[in-house]
Amino acid sequence: MNAHPAVLPRLAQLGGKEPEFHQLDIRDRAAIGGVLEAGFDAVIHFAGRKAVGESMSDPLGYWDTNVVGTMVLLAEMRRTGVRTLVFSSSATVYGNDAVAPFDESLPTAPINPYGETKLAVERMLEALARAEPEWRISSLRYFNPVGAHPSGDIGEDPNGIPDNLMPYITQVAVGRRDRLRVFGDDYDTPDGTGVRDYIHVVDLALGHMAALEYLAHNSGYRVHNLGTGRGYSVLEVITAFEKASGRPVPYDVTARREGDAAQAWADTQRAEAELAWRAERDIDAMCRDAWNWQRRNPNGFGNEP
Ligand code: UFG
């Protein structure tokens, strides 16, 4: 599990309401069904594993949790009469050869088991909505979610050494790690480092609300990108973070990381037109909120120092 129980009281405080929480395994049909029997209008399905490297060493684990888990959820939704679903998909389904900006009609070509499980679920959902027209299903293809709630009370606290750029940067800035490694500066990008479409988690959350609203008026299946439509290089992110935090982020340029693409950013037109949503928070806000969270919680929710 890559989450911490300390989140719950903080959510209660921020939301002014104790969230109902059940700790379950997504593959546990009886348990999932038991919760759904209370009666729900819709499900937002975030329960998945998401580390690319881990998916290469444990592919069966990824298919089991991400694909079998979703099958269990769908079966129990159907049994209990819930037909509206928002699924967390990923820009990883576009693969490494697509040329940015990525629009939703591009062919998909994931290059690792994690991406393959996301695409497998998308296909399952599409077929389900075609076979049973009462379903209303949205797949949201996330680009690179970063940042934190602006209160600084909830934020990213990965287990162990962070795989992703932003939590690594914040841990360097707060003194938990010595130096960042920049994975390659010889890509075909303006400064040679990888370019990604970073999106503030608050904008991402609002994208889910917009998807629910969309599903209230549209049945069937639809995919939408959730990104800002603008790419930033690793060096640009470091500079923006140093400015937002006032802290230096020392780094070394090392070899490329296997499997990394040079560039990836979203075409946002479909989301803007159909969800009436667009990301509003810029890279400075992403860095400021990521830093505010890390500064106030140097050890995250209390994990390893
Ligand atoms: N990077 C570094 N140093 C680090 C970490 C990352 O230089 O320590 C670079 C990467 O090379 C890349 C950029 O920072 O250019 C972003 O890397 P992340 O690991 O933060 O994000 P990715 O774009 O590689 O991965 C994200 C999600 C995955 C998803 C993938 C493709 O984390 O789940 O996008 O959509 F599969």
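The values are calculated or read from the model by the stated rules, or taken from the named source; none is laboratory data. These figures come from a predicted structure and were not determined experimentally. Using ideal geometry, Cβ is built from the backbone for each residue, glycine included, and neighbour counts are taken over all protein chains shown.
Quick notes
- Residue satisfying condition, being of a type in the set (V, I, T), in a helix (DSSP H, G or I) and touching a residue at least 40 places away in the same chain (Cβ under 8 Å), within set V253, V223, V202, V249: V202
- Some residue of the stretch 124-132 being surrounded by 20 or more Cβ atoms within 10 Å (Cβ to Cβ), charged (D, E, K, R) and at pLDDT 95 or above: no
- The stretch 145-155, residues that are within 23 Å of Q263 (Cβ to Cβ) and surrounded by fewer than 23 Cβ atoms within 10 Å (Cβ to Cβ): P145
- Count - residues of the stretch 172-197 that are more than 8 Å from the ligand (Cβ to nearest atom), under 25 Å from N292 (Cβ atoms) and in contact with a Leu (Cβ under 9 Å, 6 or more places away or on another chain): 1
- Any hit, the stretch 81-91, residues being of a type in the set (S, T, N, Q) and either outside any strand (DSSP E or B) or farther than 23 Å from V201 by Cβ (or both): no
- Scanning the stretch 8-65 for residues that are among the polar types (S, T, N, Q) and exposed (fewer than 15 other Cβ atoms within 10 Å of the Cβ) gives Q13, Q23, S57.
- Meets criteria (under 21 Å from the mean Cα position of the chain (by Cα), on the phi > 0 side of the Ramachandran plot and either assigned to a helix (DSSP H, G or I) or more than 16 Å from the ligand (Cβ to nearest atom) (or both)) for G259: no
- Only one of the listed residues (R296, R281) is crowded, with 19+ Cβ neighbours inside 10 Å and charged (D, E, K, R). That residue is R281.
- Among the residues of the stretch 35-43, some residue qualifies, meaning at least one is free of Cβ contacts under 8 Å to residues at least 60 places away in the same chain, in a helix (DSSP H, G or I) and aliphatic (A, V, I, L, M).
- In the stretch 133-142, residue farthest from N2 (Cα to Cα) [restricted to those that are touching a strand residue (DSSP E or B) at 6+ places or on another chain (Cβ under 8 Å) and away from the ligand (no atom under 16 Å from the Cβ)]: P133
- The residues listed here are R179, R130, R136; of these, the one that is closer than 17 Å to R257 by Cα, more than 17 Å from the chain's Cα centre (by Cα) and touching a residue at least 12 places away in the same chain (Cβ under 8 Å) is R179.
- Just one residue in the set P162, P158, P145 is within 12 Å of the ligand (Cβ to nearest atom), under 18 Å from the mean Cα position of the chain (by Cα) and without any contact (Cβ under 8 Å) to a residue 24 or more places away in the chain; that residue is P162.
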